[in-house]
Amino acid sequence: MSKLNLSVAIGDYDRTRPLIDGAVRIDGVDPVFMTLSPEEIFFRAFRSAEFDISELSLSSFTVKTAQNDCSYVGIPIFLSRAFRHTAIYVRTDRIKKPEDLKGKRIGLPEYQLTANVWARAILQDDYGVKPSDVTWVRGGIEEPGRPEKIRLNLPPDVKLENAPEGKTISGMLAAGEIDGFIAPRPPSVAEGSPNIGWLFPDPTAAAKDYYKRTGIFPAMHIVGVKRTLVEKHPWLPVAVTKAFEQAKAAALVHLSDTSATKVTLPFVEEQLKAARELMGKDFWSYGVAANRKMLETFLRHHHAQGLSSRLVAVDELFHPTTLESFKL
C-alpha cells in the first residue's frame, strides 16, 4: 500500500520536532510539514481547510463543532497548553485587583480566542467578573483591523465593539484608552512603560493555586485531521494520535537529560522537578481520560460565554477511535 502524501501544519515545538525531523513517523503517511504561526495556521484552516492535518484553536474548533460545520475531525493531542494568568494585562494605575475590572474596557484581538475563553473563565469563577460586566474592545495587537476568524452570535448582554480605525489594542492600552488587555501575546508597549503590568503580580503563584484547587491545566490547541480524509481512511486518526504521543515522549526524554540543557534558559532542571511535584509525571497529558474535567470546564464556559450555539459534549470533539487507547 502506498503512503498518503499529506500536508501537516503545526508549530515548531520540542513536542513536535521529532515528527518534523523524521525521528518519529506517522504510520501510512508521507508528510509535508509546514511550521507556521498559530495565527496563520488557524486562519487558513478555518477559512479554507488548506491542510490535511492541522494544529487547531480549541475555541474555534468548538464553535464549528457546535454548528455541525467543521472540516476537521479532532484528536486529543493538546499541542499548546498554558495557565492564562499571564495573558491579562491592566493599567495598574486604575486596576488593583480582578474585581476592579467590572465596568471597565478590555482590549482583545478576537473575542473567541481560546486564551480569552480561559481568562474570562478564571475571572468569573474565582473573582465574580462576568463577561457581561466588561466592555470588550476588539483590535489587532500589532496591526489595526484584525477580524474574527469565524462568525459569532454573542448574547445581547455582551458588549463588544471594534477599536477605532487605525488603532491597535497595544496602543490603546499605552494611551490609557482601555483599562486592560487579554491576549495570547503580550502588548507591544515600550519596555518599562509606566502603569502597565500583569493583573496578577505573581502569575506563577496564582496559576499554581488555581491548579491545586481545580486540577486543571488549560489546553489551547488540539490537532485535527481533514474530515474527508478520515471518511476514506478511518485508521488515520489513531495513526496520527500515536505519532504525536511518541513525539511528546521523545521530547520529554530529551528535556530530562540535564547533562547539557536542551533549552536556552536557566533553572530548567528545577522547573521540571517542580512541575512533576505539583502535577505528576505526565504533566502535559494527551488523551480524553486524563483531560475530561479540563475539557468539560472549557466547554461549559465556552457555551455560557455565547461562543458555542449549544453545549458540546467532550466526546463530540474527537474521533471515536481516539477516545481510548490500547495498553500492553
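The values are calculated or read from the model by the stated rules, or taken from the named source; none is laboratory data. The model shown is predicted, which means the values in this text are computed figures rather than measured ones. Here Cβ is always computed from backbone atoms with ideal geometry, including for glycine, and neighbour counts include all displayed protein chains.
Could you tell me which numbered condition I150 fails, if it satisfies all but one of (1) modelled with pLDDT of 85 or more; (2) β-branched (V, I, T); (3) under 25 Å from C70 (Cα atoms)?
Tallying (1) modelled with pLDDT of 85 or more; (2) β-branched (V, I, T); (3) under 25 Å from C70 (Cα atoms), I150 fails exactly one: (1).
From the residues in the range 114-144 that are touching a strand residue (DSSP E or B) at 6+ places or on another chain (Cβ under 7 Å) and hydrophobic (A, V, I, L, M, F, W, C), which one is surrounded by the fewest Cβ atoms within 10 Å (Cβ to Cβ)?
This residue is W136.
Assuming I178 fulfils every condition listed in (1) part of a strand (DSSP E or B); (2) crowded, with 21+ Cβ neighbours inside 10 Å apart from one, which condition is it?
Of (1) part of a strand (DSSP E or B); (2) crowded, with 21+ Cβ neighbours inside 10 Å, only one is false for I178: (1).
Which numbered condition trips up I77, out of (1) out of contact with any helix residue (DSSP H, G or I) (no Cβ under 7 Å at 6 or more places or on another chain); (2) more than 26 Å from P187 (Cβ to Cβ); (3) aliphatic (A, V, I, L, M)?
Exception for I77: condition (1).
Inside the range 113-157, can you point out the residues that are farther than 17 Å from F83 by Cα and of a type in the set (S, T, N, Q)?
Hits for the range 113-157 are S132, T135, N153.
When you scan the range 260-273, do you find a residue that is within 21 Å of K64 (Cα to Cα), assigned by TED's automatic domain parsing to the domain that holds Y13 and among the acidic types (D, E), even just one?
No, the range 260-273 has no match at all.
Do you know which residues across the range 102-139 are within 21 Å of N195 (Cβ to Cβ), in contact with a helix residue (DSSP H, G or I) (Cβ under 8 Å, 6 or more places away or on another chain) and outside any helix (DSSP H, G or I)?
K102, G103, G107, L108, V129, V134, V137, G139
Here is a check on your reading of the model: is F244 over 28 Å from G22 (Cβ atoms) and among the aromatic types (F, W, Y)?
Judged against the criteria, F244 is not a match.
Please specify each residue of the range 247-296 satisfying the condition of being in a loop (DSSP other than H, G, I, E, B) and among the hydrophobic types (A, V, I, L, M, F, W, C).
The initial filter retains those residues of the range 247-296 that are in a loop (DSSP other than H, G, I, E, B), namely 257-267, 280-288.
The answer is A260, V263, L265, F267, F283, W284, V288.
Name, by its number, the condition in (1) closer than 19 Å to G139 by Cα; (2) modelled with pLDDT of 95 or more; (3) in contact with a helix residue (DSSP H, G or I) (Cβ under 8 Å, 6 or more places away or on another chain) that does not hold for I53.
Only one criterion is unmet by I53, namely (1).
Hey, among the residues in the range 181-220 that are part of a loop (DSSP other than H, G, I, E, B) and among the charged types (D, E, K, R), which one's surrounded by the most Cβ atoms within 10 Å (Cβ to Cβ)? Break it down into steps so the answer makes sense when it comes.
Taking the range 181-220 first, the residues part of a loop (DSSP other than H, G, I, E, B) are 183-195, 199-202, 215-218.
Next, from what is left, pick out any that are among the charged types (D, E, K, R): 185, 191, 202.
Details: R185: 13, E191: 4, D202: 11.
So, considering only residues that are part of a loop (DSSP other than H, G, I, E, B) and among the charged types (D, E, K, R), the one surrounded by the most Cβ atoms within 10 Å (Cβ to Cβ) is R185.
Scan the range 229-244 residue by residue and report those that are β-branched (V, I, T) and either buried (at least 20 other Cβ atoms within 10 Å of the Cβ) or free of Cβ contacts under 8 Å to residues at least 40 places away in the same chain (or both).
Hits for the range 229-244 are V240, T241.
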